[in-house]
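So the structure is just underneath, and the comments pick up after that.
The values are calculated or read from the model by the stated rules, or taken from the named source; none is laboratory data. Note that the structure is predicted; figures quoted are calculated from it, not measured. Quick reminder, even Gly has a Cβ in these numbers, built from the backbone with ideal geometry, and neighbours come from all protein chains shown. Note: accessible area is taken over every heavy atom of the protein model, side chains too, but ligands, DNA and RNA are not part of it. Shrake-Rupley method; radii C 1.70, N 1.55, O 1.52, S 1.80 Å.
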Amino acid sequence: DDVQGVRDALVRYMFSDEKKVYTHEFRLKTIDGSIKYMRSTGIMHIKPNGNRLSYGTTTDLTERVKSDKEKVYLNELLKFVIENTKSSIAVHDTEMNYIYVSNRYYDDMRLKDRNIIGKNHYEIFPHLPEFLHDVHKRALSGEIITAENDKLVHADGRVDWANWKSMPWYKADGTIG
């Protein structure tokens with residue numbers, strides 16, 4: 001499917017008078033029928049007699065593309081699992097911005113009609129008690145903090161009783177995410 005696109009790009013490049021670097025990504029079907037993802041990079045040289053020569057390399061990007069697709073798949077799977085769990089779950093980054101949230105969390109926190117992904121937890125809940133700010137700081141330094149039958153009084157006077165756990169999650173390099 002990529003043959004015509006590669007040909008068109010090469011023809012445009014070969015007949016351009018600009019001496020710029022050529023880069024084009026495409027798929028390549030191998031003899032065994034498998035698909036490889038490739039990138040060709042080169043530069044054109046125009047000889048005094050007008051002949052054009054192209055020098056360059058072609059790199060196999062297949063493993064990177066597969067890895068990128070796997071990351072997208074795993075991210076979407078994680079999002080699906082968290083969103084659809086029957087527990088109230090919120091995952092934040094180190095700045096306390098929402099990354100993932102379960103549908104139950106939206107219900108429990110009365111955020112049903114809001115999209116909070118990417119927003120800061122303290123902007124969504126500006127009146128959080130100071131002890132919860134401290135809990136978050138402790139979790140971001142590696143501690144796991146839990147509570148049972150914790151009375152949470154909201155700014156509007158509403159009271160919730162909750163069992164909760166605040167804990168860090170870790171990136172592949174071992175740092176807290």
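Maximal additional length on extending the Asp108-Arg52 stretch stands at 13.4 nm, based on 0.36 nm per residue less the C-alpha distance. The stretch between Val21 and Asn115, if pulled fully straight at 0.36 nm per residue, gains 29.5 nm over its current Cα-Cα span.
With every protein chain in place and a 1.4 angstrom probe, the accessible-area ranking of His45, His127, largest first, reads His127, His45.
Taking every C-alpha pair closer than 8 Å and separated by at least 6 residues, the mean separation divided by the residue count of the chain gives a relative contact order of 10 percent.
Highest GNM mean-square fluctuation among Thr94, Thr85, Thr23, for the chain modelled with Cα contacts below 10 Å: Thr23. Counting only DSSP H runs of at least 4 residues, each contributing -39500 (n - 2.57), and dividing by the residue count of the chain, the helix-based mean residue ellipticity at 222 nm comes to -9500 deg cm²/dmol. On a straight-distance basis, which lysines could pair with Lys47 in a cross-link, Cα separation under 22 angstrom, same-chain partners fewer than 8 positions away excluded? Within the straight-line cut-off, Lys47 pairs with Lys19, Lys20. Remark: the stretch 118-125, residue by residue, has Karplus-estimated 3J(HN,Hα) of x, 8, 7, 4, 6, 7, 5, 10 Hz, where x stands for each Gly or Pro and the curve is 6.51 cos²θ - 1.76 cosθ + 1.60 at θ = phi - 60°. Relative to the dominant Cα principal axis of the chain, helix 62-84 is inclined by about 20°. Look at the alpha carbon pairs under 8 Å that are at least 6 residues apart: their mean separation over the length of the stretch 93-177 gives a relative contact order of 23 percent.
Springs between Cα atoms under 10 Å define the GNM used for the chain, and in it the highest mean-square fluctuation of Gly118, Gly142, Gly56 occurs at Gly56. Close amide H contacts of Tyr100 (hydrogens built in the peptide plane, cut-off under 5 Å, sequence separation of 5 or more or a different chain): Val91. Using all pairs of distinct alpha-carbon atoms, the Kirkwood hydrodynamic radius of the stretch 25-100 works out to 16.9 angstrom.
Rounded to whole Å, give me the distance from the Cα center of the stretch 15-86 to that of the stretch 117-144. Using only Cα atoms to place each centre, the spacing works out to 42 Å.
Taking GluC sites (Glu not before Pro) as exposed when DSSP calls them loop (any state but H, G, I, E, B) and at most 11 other Cβ atoms lie within 10 Å, what is the longest stretch of the chain free of them, the sites themselves excluded? My reading of the result: 96-177 is the longest stretch. The share of accessible area on the chain that comes from carbon and sulfur is 53 percent, using a 1.4 angstrom probe. Pairs exceeding a 28 Å alpha-carbon distance, out of Lys151/Lys171; Lys66/Lys165; Lys86/Lys171; Lys119/Lys171: Lys151/Lys171; Lys66/Lys165. Given contacts defined as C-alpha pairs under 8 Å and at least six residues apart, what's the relative contact order of the stretch 56-119, whole-number percent? In percent, rounded to a whole number, it is 24. Full extension of the chain between Phe131 and Lys86 gives 13.6 nm of extra length, using 0.36 nm per residue less the Cα-Cα distance. In the chain the longest region clear of trypsin sites (Lys or Arg not before Pro) that are loop-assigned by DSSP and have at most 15 other C-beta atoms within 10 Å covers 21-85. Loop-located chymotrypsin sites (Phe, Trp or Tyr not before Pro) in the stretch 98-177 (DSSP state other than H, G, I, E, B) with a sparse environment of at most 14 neighbouring Cβ atoms within 10 Å: Trp169. Given R0 = 30 Å, the distance between the Cβ atoms of Val3 and Glu76 translates into a calculated FRET efficiency of 0.45. Rolling a 1.4 Å probe across the protein heavy atoms gives the chain an accessible surface of 71 Å² per residue.
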